[in-house]
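Enquirer: I have a structure here, written as structure tokens, and I will follow up with some questions on it.
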Amino acid sequence: MHRQLHHHWLGFVVPQAIVSLGTIAALFTGASLMPVYAQSFSSNSGGVNAIAANLSAANAQLFVNASLGKDDVSAGHDESAPFKTISFALGQAQPGMIIQIAPGSYTPETGEVFPLVIPQGVTLQGNEFNQGSSTIIMGGGFTSSAWWGSQNVAVLAKAESQIVGVSVTNPNSRGTGIWIETANVAVRGCSFSKSAREGVFVAGKASATVENSLFFENSANGIALTGMSTGMVRNNTFQKTGFGIAVSEKASPQLVNNRVLDNVDGIVVSHSAMPQLRGNVVEGNKRDGLVAISDAKPDLGNAATPGRNTFRNNGRFAVYNATFKNALTAEGNDVTGNMQLAANGPTGIDQNTPPSPDLESYSAKLPVVMPNAVAMPTPTAPTKTEPASKTVASAIKSKPDLSKAPTVKYKGKTYVLLESVTRSAK
């Protein structure tokens, strides 16, 4: 049975924001990188958060600059004599080191070899204060996942590694930005745009913290969490994507204070997944704000810990329970629109598969939260192209002027970077 529900709570205000058309970069008009909504809701004081908090200037650093550097073992230890490629720096890095990347474009054309594998305990760092707007990683290569077989990935994160302040795009067929399949990985202050599948994929028994980042115009998912993965997805924006957040199998992450805007579906939870949602704003998605499928049981709040999520202006349902038998509870949320909490199955994940803009890179017959392995192609020599133009910051309040946007050339194609995403309080 469908019903209209509009429930307000007292004493909790969710700051609102307007996100204009944007890019793989996000520049804000103000001192703070991202709005801080309420509290963390995390009871875990160790793990990834502890790693992130303990970074200091005392960490040994390696420096990379695509324009000025050279890949030689004698270089890299001083900002005035950097390495040229991230790939070479990763080969020299030891646990605890920070690889500091200068602004620029890092692609196969500049010498990068993909995927970029971040060794255990190593931090890859650009500029998190502008969400990596000037530090662009674009490309992808094949890696073998223990859970999913061969995958095309831009960055592969090993245990206790960190990726901070970079923009990542993988335009290759079924391309993923960052692949995480190990424990205690942190992704912070990054941008993910225009990947052929998703920005971040968390697999297996991985635990990850993904926060203060922008996911924009990725073809299938902003972030996908699968297997038995856990962790924290916090203070991010997911916009203009197939599924903003996809949680499947037995994954049980915390989704906290995210903005999920203008996607096909906002949050899709399938199989036996049990994510906890607190303080999220799910707004303006074309189909459903949140849909639960199969035997999924998302935690939307209870009397002891209210959800404090906001669902509004979504096309079909604010919250849609399409499970076989599970009754959902949703205490302490602000919901405008149709809300179906009783089970309404059976149904299939394919009913919530977004249309594919590129049938070669993604089959609409397959659920986006379940990637299939892809065949390794015959290697080909990269085409030489000119480096990307410098990023130019500008506040865009409506549609951007593409004639002034910077570009990156990759495999003979020119990609326009819609670089500036601005926020303003309502």
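The values are calculated or read from the model by the stated rules, or taken from the named source; none is laboratory data. Just so it is clear, the structure is predicted and the values come from calculations on it, not from any experiment. Neighbour counts run over all protein chains shown; Cβ positions are idealised from the backbone, glycine included.
For (1) buried (at least 21 other Cβ atoms within 10 Å of the Cβ); (2) of a type in the set (Lys, Arg); (3) touching a helix residue (DSSP H, G or I) at 6+ places or on another chain (Cβ under 6 Å), each residue gets a yes or a no:
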residue: Ala81; (1), (2), (3): no, no, no
residue: Gly104; (1), (2), (3): yes, no, no
residue: Val113; (1), (2), (3): no, no, yes
residue: Leu116; (1), (2), (3): yes, no, yes
residue: Thr123; (1), (2), (3): yes, no, no
residue: Gly132; (1), (2), (3): yes, no, no
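Enquirer: Quick check on my filter: what residues within segment 184-220 are assigned to a loop (DSSP other than H, G, I, E, B), of a type in the set (Gly, Ala, Ser), in contact (Cβ under 8 Å) with a residue 40 or more places away in the chain and at negative phi?
Expert: Ser195, Ala196, Ala203, Ser213, Ser219, Ala220
Enquirer: Here are some conditions: (1) touching a Ser or Thr at 6+ places or on another chain (Cβ under 8 Å); (2) buried (at least 22 other Cβ atoms within 10 Å of the Cβ); (3) under 24 Å from Gly140 (Cβ atoms). Glu211 meets all but one. Which one does it not meet?
Expert: (1) is the only condition that Glu211 fails.
Enquirer: Can you go through Thr305, Thr310, Thr347, Thr329 and tell me which one is modelled with pLDDT under 50 and either under 15 Å from Gly266 (Cα atoms) or β-branched (Val, Ile, Thr) (or both)?
Expert: Details: Thr305 fails: modelled with pLDDT under 50; Thr310 fails: modelled with pLDDT under 50; Thr329 fails: modelled with pLDDT under 50.
Exactly one of Thr305, Thr310, Thr347, Thr329 is modelled with pLDDT under 50 and either under 15 Å from Gly266 (Cα atoms) or β-branched (Val, Ile, Thr) (or both), namely Thr347.
Enquirer: Another one. State which residue pairs qualify: first residue in contact (Cβ under 8 Å) with a residue 40 or more places away in the chain and of a type in the set (Phe, Trp, Tyr) and inside segment 100-122, second residue surrounded by fewer than 23 Cβ atoms within 10 Å (Cβ to Cβ) and outside any loop (DSSP other than H, G, I, E, B) in any location, beta carbons under 6 Å apart, and separation of 6 or more residues or different chains.
Expert: That search, which allows pairs on different chains as well, returns Phe114/Gly141.
Enquirer: Within segment 59-79, how many residues are out of contact with any His (no Cβ under 9 Å at 6 or more places or on another chain), touching a residue at least 12 places away in the same chain (Cβ under 8 Å) and surrounded by fewer than 18 Cβ atoms within 10 Å (Cβ to Cβ)? Even if it seems obvious, please write down each step before you answer.
Expert: Just the residues of segment 59-79 that are out of contact with any His (no Cβ under 9 Å at 6 or more places or on another chain), to begin with: 59, 64-79.
Remaining after also requiring touching a residue at least 12 places away in the same chain (Cβ under 8 Å): 59, 64-71, 73, 76-79.
From what is left, the residues that are surrounded by fewer than 18 Cβ atoms within 10 Å (Cβ to Cβ) are 59, 67-68, 70-71, 73, 77-79.
Summing the residues that are out of contact with any His (no Cβ under 9 Å at 6 or more places or on another chain), touching a residue at least 12 places away in the same chain (Cβ under 8 Å) and surrounded by fewer than 18 Cβ atoms within 10 Å (Cβ to Cβ) in segment 59-79 gives 9.
Enquirer: What tally of residues in segment 285-301 results from selecting those that are among the charged types (D, E, K, R) and in contact (Cβ under 8 Å) with a residue 60 or more places away in the chain?
Expert: Final tally of qualifying residues: 2.
Enquirer: A follow-up question, please. Determine whether Phe142 is surrounded by fewer than 24 Cβ atoms within 10 Å (Cβ to Cβ) and within 23 Å of Phe201 (Cβ to Cβ).
Expert: yes
Enquirer: Mind checking which residues of segment 131-182 are among the acidic types (Asp, Glu) and touching a residue at least 40 places away in the same chain (Cβ under 8 Å)?
Expert: Glu160
Enquirer: Still on this structure, please answer the following. Which of the residues spanning segment 221-245 are among the small types (Gly, Ala, Ser), part of a strand (DSSP E or B) and out of contact with any helix residue (DSSP H, G or I) (no Cβ under 9 Å at 6 or more places or on another chain)?
Expert: Gly222, Ala224, Gly244
Enquirer: Could you say whether any residue in segment 240-263 is touching a His at 6+ places or on another chain (Cβ under 9 Å), at pLDDT 95 or above and over 25 Å from Arg316 (Cα atoms)?
Expert: The answer is yes, given that some residue of segment 240-263 is touching a His at 6+ places or on another chain (Cβ under 9 Å), at pLDDT 95 or above and over 25 Å from Arg316 (Cα atoms).
Enquirer: Do we have Gly266 as closer than 19 Å to Leu225 by Cβ, among the small types (Gly, Ala, Ser) and touching a residue at least 40 places away in the same chain (Cβ under 8 Å) here?
Expert: yes
Enquirer: Mind listing whichever residues of segment 166-184 are among the small types (Gly, Ala, Ser) and touching a Gly at 6+ places or on another chain (Cβ under 7 Å)?
Expert: Selection gives Ser167, Gly175, Gly177.
Enquirer: Which residue out of Lys240, Lys250 is farther than 28 Å from Ser105 by Cα, surrounded by fewer than 24 Cβ atoms within 10 Å (Cβ to Cβ) and of a type in the set (Lys, Arg)?
Expert: Lys250 is the lone residue from the list that is farther than 28 Å from Ser105 by Cα, surrounded by fewer than 24 Cβ atoms within 10 Å (Cβ to Cβ) and of a type in the set (Lys, Arg).
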